[in-house]
Amino acid sequence: KNIRAGIQSVVDGHAGFYLRNVFLPVNACFHTPLTGSPSVKFEIRERKRNHIFEPLFELTGKTRKALNFGSYNYLGFAQNDGPCVEASKVTVEKYGIGMGSSRSEMGSLQLHRDLEKLVAEFLGKEDAATFGMGFITNAGNIPAILGKGCLLISDELNHASIVLGAKLGTANIRTFKHNDMYDLEKKLKKAIIEGQPKTRRPWKKIIVIVEGIYSMEGTISYIPSLIALKQKYKFYIWLDEAHSIGAMGPTGRGVVEYWGSDANEIDIMMGTFSKSFGAHGGYIASTKAVVSHIRRQTHTNYASAMTPGVAMQIYSSLRIIMGRDDRYPNDGQRRIRRLAENTRYFRSELYKRGLVVYGADDSPIVPLIIFTPNQLDIISRTFMHIGIGIVTVGYPATPLLECRLRFCLSAAHTRDMLDYCLHTIDDVSEMFGLAFLKNRPIPP
Ligand code: PMP
């Protein structure tokens, strides 16, 4: 699929092909020296002795401590010494670990209700419902919103929980090309035209589901264009902000705020607490009518309620983000700013190095494309060996040649940590021949 454009011309005497408008000389893609030069090895040993890094997480088991560039700890609230830990400890002492019941039975605490109110207020919505797991928030609630005669149009790269939710329902499902608003418009036109012989629209409801930030691509969805399409073609928007809530926008309110769009245009705001809030669980924020329909209708009601300690972690981190906690008045803003600065710095350094990086400049998810699937394992082990934990993603999750190393940035990363990671990338890129686009201009 990726070499559809075919082996293209000859540049500087090398054959190559175009991948997303970037010309890749073939020798660069398949240049795969497996061992590093002695000087590189020596440098690595030196750095290891320096211990310039502190662990973000201690990776358990037999592994050593490593800097974590693989987890979704965007605002640093997942640190075990974070400002919310104490509040959660007290809550666990008061209420115990589990609720032992679902929300609709005995599993509702005032804390759950306070959290839901705060989430709704944060997002500018009338009401919100929370769930014990983000995955289930999509998989269990999408079928409750869409029934027979409805059409769901989903971004082709939407998360597995959305795919499962779509499959569990009875709506018709179609996809559009990833983040491609032209293709979405084509699909919408087609969906509307299907009903032309009749006078009324062919679908009871059309709902378009997108994510705020895509966790494998680092792309940010084009909310203003999506809203413009909505006004033209009349459909509902379901926005999954798992990776963007807290992490995007000047006050952490996600991609809608990032683009300066109106939250009222997003019919259903879905998100998870497992990333920016350092906890787990999910939410749906919408109108009172939609939220109470969800509370009554979904199978998720039969799952145990979110545990009290987790609810408190989310509640207290959200209060800090909103600047409501007098003990940490500017801490939320500081974290949001820090994440944005880290993202800009890290990405611009990678661009300078001529590496192929996907995604938007403001996305804290940074996929570095290596083009050599056979090296994925050895590269990730090399990173681990030097003290950097990353996630690698390859076929079938990505097209074969677009396999990637994925760096997730955090407000808890210091500049030293980012520099250490960048030096490590230099070493690894020298070992494995990754930087073959040295003269690529830096995006404006
Ligand atoms: N939606 C998206 C876009 C996700 O990336 C994820 C998980 N990473 C989920 C939903 C599921 O959330 P959780 O892991 O909190 O269950």
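The values are calculated or read from the model by the stated rules, or taken from the named source; none is laboratory data. Here the structure is a predicted model, which is why all the values come from computation and not from measurement. Backbone-built Cβ (ideal geometry, glycine too); neighbour counts: all protein chains shown.
Just checking, which of PHE346, PHE407, PHE383 is among the aromatic types (Phe, Trp, Tyr) and not in a helix (DSSP H, G or I)?
On the way: PHE346 fails: not in a helix (DSSP H, G or I); PHE383 fails: not in a helix (DSSP H, G or I).
Being among the aromatic types (Phe, Trp, Tyr) and not in a helix (DSSP H, G or I) holds for just one of PHE346, PHE407, PHE383, which is PHE407.
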Does any residue in the range 104-124 that is farther than 15 Å from ARG319 by Cβ come within less than 6 Å, Cβ to Cβ, of a residue that is part of a loop (DSSP other than H, G, I, E, B) six or more places away or on a different chain, and which pairs are these? GLY107/MET99; GLY107/SER101; GLY107/ALA305
How many residues, within the range 72-109, are surrounded by fewer than 19 Cβ atoms within 10 Å (Cβ to Cβ) and small (Gly, Ala, Ser)? 8
Restricting attention to the range 332-341, which residues are crowded, with 18+ Cβ neighbours inside 10 Å and either over 12 Å from GLY246 (Cα atoms) or under 19 Å from the mean Cα position of the chain (by Cα) (or both)? ARG335, ILE336, ARG338, LEU339, ALA340
Mind counting the residues in the range 316-327 that are part of a loop (DSSP other than H, G, I, E, B) and under 22 Å from GLU116 (Cα atoms)? 5
Could you tell me whether the range 268-280 includes any residue that is away from the ligand (no atom under 16 Å from the Cβ) and either assigned to a loop (DSSP other than H, G, I, E, B) or under 13 Å from LEU123 (Cβ atoms) (or both)? no
For the range 312-356, how many residues meet the condition of being more than 11 Å from PHE77 (Cβ to Cβ), among the hydrophobic types (A, V, I, L, M, F, W, C) and in contact with a strand residue (DSSP E or B) (Cβ under 9 Å, 6 or more places away or on another chain)? 4
What about ALA289, is it assigned to a helix (DSSP H, G or I), away from the ligand (no atom under 16 Å from the Cβ), small (Gly, Ala, Ser) and not assigned by TED's automatic domain parsing to the domain that holds GLY169? no
With criteria (1) under 22 Å from TYR214 (Cβ atoms); (2) surrounded by fewer than 16 Cβ atoms within 10 Å (Cβ to Cβ), ILE284 comes up short on (2)
Scan the range 134-149 residue by residue and report those that are assigned to a helix (DSSP H, G or I), surrounded by fewer than 23 Cβ atoms within 10 Å (Cβ to Cβ) and away from the ligand (no atom under 15 Å from the Cβ). PRO143, ALA144
Only one of these conditions is not met by ARG344: (1) surrounded by fewer than 20 Cβ atoms within 10 Å (Cβ to Cβ); (2) within 18 Å of the chain's Cα centre (by Cα); (3) within 30 Å of LEU109 (Cα to Cα). Which number is it? (3)
Among the residues of the range 99-115, is there at least one that is closer than 22 Å to ILE365 by Cα and assigned to a helix (DSSP H, G or I)? no
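Results for (1) touching a residue at least 24 places away in the same chain (Cβ under 8 Å); (2) surrounded by 21 or more Cβ atoms within 10 Å (Cβ to Cβ); (3) outside any helix (DSSP H, G or I), shown as yes or no for each residue.
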| position | (1), (2), (3) |
| --- | --- |
| LEU188 | yes, yes, no |
| TRP203 | yes, no, yes |
| VAL210 | yes, yes, yes |
| GLU217 | yes, yes, yes |
| ILE227 | yes, no, no |
| ILE237 | yes, no, yes |
| ALA242 | yes, yes, yes |
| ILE245 | yes, yes, yes |
| PRO250 | yes, no, yes |
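Each row is one residue, and each column tells you yes or no for (1) under 30 Å from LYS148 (Cβ atoms); (2) within 16 Å of the ligand (Cβ to nearest atom).
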site: ILE209; (1), (2): yes, yes
site: GLY212; (1), (2): yes, yes
site: LYS232; (1), (2): yes, no
site: ILE245; (1), (2): no, yes
site: GLU265; (1), (2): yes, no
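Examine the range 77-86 for a residue that is within 16 Å of the ligand (Cβ to nearest atom), touching a residue at least 12 places away in the same chain (Cβ under 8 Å) and in a loop (DSSP other than H, G, I, E, B), and state whether such a residue exists. Let's see the steps before the verdict.
First, pick out the residues of the range 77-86 that are within 16 Å of the ligand (Cβ to nearest atom): 77-78.
Then drop every residue that is not touching a residue at least 12 places away in the same chain (Cβ under 8 Å), which leaves 77-78.
Remaining after also requiring in a loop (DSSP other than H, G, I, E, B): 77-78.
Yes, the range 77-86 contains at least one residue that is within 16 Å of the ligand (Cβ to nearest atom), touching a residue at least 12 places away in the same chain (Cβ under 8 Å) and in a loop (DSSP other than H, G, I, E, B).
Taking the criterion of being part of a loop (DSSP other than H, G, I, E, B), charged (D, E, K, R) and away from the ligand (no atom under 15 Å from the Cβ), would at least one residue in the range 150-169 satisfy it? Walk me through how you get there before you give the answer.
Here is the first cut: in the range 150-169, the residues part of a loop (DSSP other than H, G, I, E, B) are 156-159, 169.
Retained after the next criterion (residues that are charged (D, E, K, R)): 156.
If we keep only those that are away from the ligand (no atom under 15 Å from the Cβ) too, we end up with none.
For the range 150-169, residues part of a loop (DSSP other than H, G, I, E, B), charged (D, E, K, R) and away from the ligand (no atom under 15 Å from the Cβ): absent.
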Criterion violated by ARG295 - all others in (1) in a helix (DSSP H, G or I); (2) in contact with a Phe, Trp or Tyr (Cβ under 9 Å, 6 or more places away or on another chain) satisfied: (2)
Considering residues of the range 117-133 that are crowded, with 20+ Cβ neighbours inside 10 Å and in a helix (DSSP H, G or I) only, the residue nearest to the ligand (Cβ to nearest atom): VAL119
Could you figure out which of (1) of a type in the set (Lys, Arg); (2) at pLDDT 95 or above; (3) more than 16 Å from the ligand (Cβ to nearest atom) isn't true of ARG295? (2)
